């Protein structure tokens, strides 16, 4: 008897767009529809790359003033150990908490990008800055490319340094804890609630079937407003059924 290989849920999620992930989470009713996804101020720097997926490794940084110890990364090797505690694939999530405002320097450039990729990172998310974008865009490894989400681009590292690790952060309007599963593509990024990875693909499939029926109607010569109303009623319920309900 042939044994069917187990399907890797993370591999399946990498084939789905972030917008579909958000819609599936909404359809599953596990959190409010205005939570868990990025706002427009933090954007993908490599929109042509396929979806990024990994577990958050969180930290806070400052860049405007010198740190107390270890200005350059070779002088602060201790945080490399922390960066490997969370299982791969990993995504580094940096909140820039500089009192003078985010973006006074970039902790991550070409060298740190290569270090992170070698440590099993799929990408970086920060509400601060990155630099060396052309060289970061050339980073790739056996597990894929290296995606970057940032708010700013700057040419210098400034006095960039870590001030806190393994902490709760807020980046792009999203509250993120270390170990949170994150999915991202050109549309933005979203956190995936714990235990939901296997439930999302079938939810996406159901949503796509419904959407395709509406799209097919729009492309049909028999399209009319009344037909559209009837189709949407069948797919999504009546006009009064839009209220979000959290399922237990």
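The values are calculated or read from the model by the stated rules, or taken from the named source; none is laboratory data. No experiment lies behind these values; they were computed from the predicted model shown. We place every Cβ from the backbone using ideal geometry, glycine too, and count neighbours over all the protein chains shown.
With in contact with a strand residue (DSSP E or B) (Cβ under 6 Å, 6 or more places away or on another chain), closer than 21 Å to residue 189 by Cβ and either at pLDDT below 95 or surrounded by fewer than 24 Cβ atoms within 10 Å (Cβ to Cβ) (or both) as the only criterion, which of 91, 86, 139 stands out?
86
Let me confirm something: among 122, 102, 129, 118, which residue is closer than 21 Å to residue 17 by Cβ and in the same structural domain as residue 18 (by TED's automatic domain parsing)?
None of the others qualify; the one that does is 122.
Would you please name the residue that is surrounded by the most Cβ atoms within 10 Å (Cβ to Cβ), looking only at residues in the stretch 142-175 that are touching a helix residue (DSSP H, G or I) at 6+ places or on another chain (Cβ under 7 Å) and within 18 Å of residue 186 (Cα to Cα)?
148
Restricting attention to the stretch 214-221, does a residue exist that is modelled with pLDDT of 80 or more, loosely packed, with under 10 Cβ neighbours inside 10 Å and more than 30 Å from residue 183 (Cβ to Cβ)?
yes
Against the condition within 17 Å of the chain's Cα centre (by Cα) and not in a strand (DSSP E or B), how does residue 135 come out, does it pass?
Answer is no for this residue.
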